[in-house]
Every structure is written in C-alpha cells, then in structure tokens.
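See structure below.
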Amino acid sequence: MVGRTGDQHAPFRPAGGSGAEVASTAWLPGCGDPPTATTVISGIFQGVDMKYRMLTADVVNLLLGGGEATPKGIETTALEMVRTGRLQGEQKADGTLTVRTIPPTADSAPLRPVETLVVERIRQRSRSGVDRVPIGALGPGDGDEFWVWWRDFQKRVRDETTALGLIRPARNKYVTLTYRGGALAAWFGALWAGVSWSPDGIRILLQAVLVLSLLGLVRLSDVPLGSEPRLTAEGRQAAREWRTHDRDGEHRLPKHQVGTAGPESALPVREPRQIWSSYGRTWHVVDAGPLDPPRWGHLWQFVVLAVTVCAGFVAMLVVSLTARPPYGWEWDTAPVLTGVLLWSLWLPARRHVLAVPDESSFRGAVISRWDYDTHYDDPHTDVTHYCCSIEDPATRKAWSFEVDRWSRPMFSHKANPQLKDRFRVGDIVDVHCSPRQRKIHRISVVEAVSRAD
C-alpha cells in the first residue's frame, strides 16, 4: 500500500535556546509510526557534558557502528545540517520530515566533504521535478544510484574519523598475508624441528599437532585477508560515552535497519521491499514485489502432490490387503493425511500467486534499478542482468523485472554503458508485462530524467 504524504507542509525550524536541537530519529518505512514534532525537536549536542560532545553526526554514527558507517548516518547528518542552517527542513502534515537545499550565503562556512555529498544526494533524488526530499528517501532502495554515492559517503566519513585519530585505517591485504606467512612459517618450522629431534613419545604428540595444524589451514583459507577500519583507544572511549549517555537515542542504531547489510540488502530481489517514489511529484512509499518468483504455490506442484498421494495410497492399500500388517488402516491413511497437510500449506501460497496480475499494461516510473552477474562454464561466459522495479500507479505497487541481459566472454572486464544507463530512477515508462511471471513483453521510455551526472 502506498502511503502518500500530505500536500500541506509547514516549515520545520529548530526551536531556539539551550538543549533544543533537531533530533535524528527520522521515520523509515517499516519502522513504526512517523515521529511527532516532540520527537523531532529534541537536543543532540547542546547540554551534553562529555569529552567528545563536539563530534559530528557522521563520525558518531561510524563509532557506534564499530568502525563502519551505516544508513542511519545519512539521517543524522541531514538533520544536523538542518540544525546548522545548511539545509531547510520541513515537516509535512502527516509528520514526514523533508529537506531541501538552500543557496549558500556570503558569510556561510564551506561545506564539509560529507555535507557536500548529502547535498548531492538530495539533488540526485530531486531529478523528478520535486524540490524537497523525505529524509527516509535519502537512504538505500533506489539501487545503483545509491550504491555509487554510498561508497563515496563511507570513504569521506572514514577519512574524517581517521583524521581525528578515532579509527585506524584498514590493513592492506598484502601486509596481512605477510604476517600470516611469517607466523605459519615459524609455527610449522618449530613443529618440524621438534618432530625431527624429539624422543619417540614426544615425537608422536608433535606429529599429531602437526596433522591438526595442517587441517586447520583449510579453515584459515576462509578468513578474509582484508580488515575493516578499527577503533583506536580514543574511538572506543568516545563510542562508550555516546552509548551510555542519556541522549544516545538520537544516534542509537536500529536493530533491523534496511541496508545495514549492504545496499543490495535493500533491493527487492528475494523479499518485497518498501521503496520511496516521487511519481506524480508527490513522495510516497511503494511496496515493491521481489524479482524472484515464489517457490511454492505453482500448479505443477499441486499435480505432483496429487499423483504422489494417489500412488502412495494405492501402494499402501495393496500392501495392507495382501500382507495384512497390523494397524493397516493407519498405513492406508498416512499418505492421505500427509497430502492434506502439504495442500494446506500449498493453498495459501497459491492464493498469494494468483493475487499478482498475470498480464498488465500501465504507464509508471522506475523507482529502483540494479544489475548482477552470473557465470557459466560451458561455454565460459559472464552474463550481466539489468533489473528495475517499476511502479504501477493503478495498483499502488511496484513490480520487479529483468529488463536487459548482456553476455560476454568470461574475465573480459568489458562494460556496456548503453544498457546500464538505458533506464534511470525517475524515468517514466510504458510497460506491457506479466508481473506473475516476472517478464517484460514491451517497455519504452516516455520521459527520461537527465543523464548528466
């Protein structure tokens, strides 16, 4: 179901005075009720009596994330920019917080690199003719557009935190490989010397240790060579202070935030997702169906169940009539009862499958796009699959499809920018498709957003 924001909106300005700042608890789809004005206007930095109270929102997010920035940092950084006058915030009638860019003044300080990226993200999401963006729409969900931007955002936050001495840079994998090689050489060298020069009793024990160590090398190969940025002693202290302070709720990481496991985890690939859309120049949340079709509820599964149950019932009936085993009627009814149980699980899945239209034609908007690669050994080929989620305004849902496919020789490292940029988030398209089968019959761009980025 699409939750449309109201057309009325009121300027959102932080109240003045000590301890009245903008909170960073922005509403995201699936995270409960939208915040009220009371939860929106609360203190972040003023009145916080601790050593690291002047840290910026993005740095605090990285510290609370254990050395990795999370999508929560986008929200807190945007609201911090509203507090400092770098962005204009507005609260819609339904409680949704939106932000818009404002031109810099002559006396305004230059933006930090992280703030510049937030402004760039707002402009990116405003390409469809909207002038303000909900804070939740700045996060993951639109696919490749977010992924490219997110890597730069993470790098800028790491650079800023490293400059403050709160994290150590990630260790190079070749350095890690050198350390591991030296440690393994010393360990196995000592074991070999012990086996060669020890008495018989100790030699057998060392040989057993040597064999176990060789087996342990198999598990060691699964340990990644690279390492993530690590907090320094000062960084751990700062994280402890923010976690234990009574105002840490503004930055506390949610337990189940979409996109924490990577931007790809916010895409409707295997599970349906809720994605922000500005189709019709009104921001709303759309339920996007998954790209993968359901694994249960197909008609052929019903046929297989029916044939299997009938065959099992006949076989058990023949056995009970010829061999006359004890409790024969229980054996006869077991296949039927099993079939009834499986059918009781199949029928709800079947209704879910039939609820999706078999054929549909509509004019909608691309609200998410991504691609992924598959590999084939015969012949040696890499295939790139280009996918989109397209909103159907009539059903107030979005359907996910594979819209293009490109094959190339394995390890060729070639790219196809024409197919990659054929569709962008915000494009208006005419579609004739089968949402139930996840197939596109015909698709054409009616109105394209700017490709100049």
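The values are calculated or read from the model by the stated rules, or taken from the named source; none is laboratory data. Predicted model only: the values in this text are computed from it and were never measured. With ideal geometry, Cβ positions are generated from the backbone for all residues, glycine too; neighbour counts draw on all protein chains shown. Ligands, DNA and RNA are excluded from the accessible area calculation, which covers all protein heavy atoms including side chains. Shrake-Rupley method; radii C 1.70, N 1.55, O 1.52, S 1.80 Å.
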Could you tell me whether the stretch 123-132 includes any residue that is out of contact with any helix residue (DSSP H, G or I) (no Cβ under 6 Å at 6 or more places or on another chain) and of a type in the set (A, V, I, L, M)?
no
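Out of all the residues in the stretch 392-413, is one or more outside any strand (DSSP E or B), in contact (Cβ under 8 Å) with a residue 60 or more places away in the chain and over 24 Å from the mean Cα position of the chain (by Cα)?
Pass one, the stretch 392-413, residues outside any strand (DSSP E or B): 393-396, 410-413.
Right, trim to in contact (Cβ under 8 Å) with a residue 60 or more places away in the chain and you get 393, 396.
If we keep only those that are over 24 Å from the mean Cα position of the chain (by Cα) as well, we get 393.
Scanning the stretch 392-413 turns up at least one residue that is outside any strand (DSSP E or B), in contact (Cβ under 8 Å) with a residue 60 or more places away in the chain and over 24 Å from the mean Cα position of the chain (by Cα).
So which of Arg156, Arg123, Arg151, Arg180 is in contact with a Lys or Arg (Cβ under 9 Å, 6 or more places away or on another chain) and open to solvent by 20 Å² or more (accessible area, probe 1.4 Å)?
Working: Arg123 fails: in contact with a Lys or Arg (Cβ under 9 Å, 6 or more places away or on another chain); Arg151 fails: in contact with a Lys or Arg (Cβ under 9 Å, 6 or more places away or on another chain); Arg180 fails: in contact with a Lys or Arg (Cβ under 9 Å, 6 or more places away or on another chain).
Answer to the selection: Arg156.
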Under 21 Å from Glu160 (Cβ atoms), out of contact with any Cys (no Cβ under 8 Å at 6 or more places or on another chain), polar (S, T, N, Q) and open to solvent by 20 Å² or more (accessible area, probe 1.4 Å): does that describe Thr116?
yes
Need pairs with beta-carbon distance below 8 Å; first residue over 16 Å from Leu337 (Cβ atoms) and within the stretch 298-316, second of a type in the set (Val, Ile, Thr) and assigned to a helix (DSSP H, G or I); sequence gap 6+ or separate chains.
His298/Val353
Sole exception among (1) loosely packed, with under 14 Cβ neighbours inside 10 Å; (2) at pLDDT 85 or above for Leu231, by number
(1)
Looking at (1) open to solvent by 30 Å² or more (accessible area, probe 1.4 Å); (2) modelled with pLDDT of 90 or more, which is the only condition Ile135 fails?
(1)
Among Trp346, Trp370, which is the only one that is under 18 Å from Leu267 (Cβ atoms), open to solvent by 10 Å² or more (accessible area, probe 1.4 Å) and either not charged (D, E, K, R) or not in a strand (DSSP E or B) (or both)?
Trp370
How many residues of the stretch 375-410 are of a type in the set (Ser, Thr, Tyr) and more than 22 Å from Arg422 (Cα to Cα)? The answer is 3
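Which members of the stretch 374-395 meet the condition of being farther than 27 Å from Ile428 by Cα and among the acidic types (Asp, Glu)? Before you say what the answer is, go through the steps one by one.
Filtering the stretch 374-395 down to residues farther than 27 Å from Ile428 by Cα leaves 374-382.
Those that are farther than 27 Å from Ile428 by Cα and among the acidic types (Asp, Glu): Asp377, Asp378, Asp382.
Of all residues in the stretch 49-79 being more than 26 Å from the chain's Cα centre (by Cα) and surrounded by fewer than 18 Cβ atoms within 10 Å (Cβ to Cβ), which is modelled with the highest pLDDT? It would help to see each step written out before you state the result.
Keep residues of the stretch 49-79 that are more than 26 Å from the chain's Cα centre (by Cα), which gives 49-55.
Now drop any that are not surrounded by fewer than 18 Cβ atoms within 10 Å (Cβ to Cβ), which leaves 49-51, 53-54.
On the way: Asp49: 42, Met50: 56, Lys51: 67, Arg53: 75, Met54: 81.
The residue in question is Met54.
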Does Arg424 qualify as being in contact with an Asp or Glu (Cβ under 9 Å, 6 or more places away or on another chain), modelled with pLDDT of 90 or more, crowded, with 19+ Cβ neighbours inside 10 Å and of a type in the set (Lys, Arg)?
yes
